[in-house]
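Each remark here refers to the structure printed beneath this line.
What follows is calculated from the coordinates using simple rules that are stated; it is not laboratory data. Computed from a prediction, not measured in an experiment: that's the story for all the values here. Cβ placement follows ideal geometry from the backbone for every residue including glycine, while neighbour counts extend to all protein chains displayed.
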Amino acid sequence: MNRPINKRDSGSIRLDRSKPPKVFAVKDQRPVFFTPGFLVLVVFIIICSLTLISPLAMLTKTYARNAELNQELEVLQSDYEIAQIELAKWNDPNYLITQARESLGYVRKGEVKVSLIGDLDSILPAPDSTMTAQLDPPTKKSPLTWYQRLLESFS
């Protein structure tokens, strides 16, 4: 479909390149993203973030304090359990008697308390080899099993 180019034809392509095409100039050369709506949006986001920062900081402090208090609670609960065990000991009459004898030096009727002053090492003689030999009974060798005897025969 080759058609001859007619200058009067309105649908034809312009082949005259002597004149440059017209360029429309923009009056305002500011960037597109600084529109008033965008500035309002930025200010709104800044205000919202500033209002959320303080409660979030308080929330993180609250979580940290909660963790500290939980650790302190665990320590106090373990101390409470230890105190309950100690109280149960003191409710036992035998424990009371033992503590009165050991810490306060109480004795029952007819008993005599003897207190040694000084070191026991200075009073008692040092044990020698004859005393230890008398104290330690001789150890008997257990009978060897067949595989132990076999292993000893190789050495």
Legend entry - DSSP-loop GluC sites (Glu not before Pro) across the stretch 68-118, with at most 11 other Cβ within 10 angstrom: Glu111
Legend entry - the stretch 44-105, dipole about Cα centre (Lys/Arg Cβ +1, Asp/Glu Cβ -1), debye to the nearest 20: 280 debye
Legend entry - Using a Förster distance of 30 Å, the FRET efficiency for Ile97-Glu68 (Cβ separation, nearest 0.05): 0.10
Legend entry - Computed FRET value (nearest 0.05) for Leu76 with Leu41, which takes r as the C-beta separation and R₀ as 35 Å: 0.10
Inset, instruction - Could you go through the stretch 38-47 in sequence order and give the Karplus-derived ³J(HN,Hα) for each residue, using 6.51 cos²θ - 1.76 cosθ + 1.60 with θ = phi - 60°, rounded to whole Hz, and x for Gly and Pro? - result: 5, 5, 5, 5, 5, 4, 5, 5, 5, 5
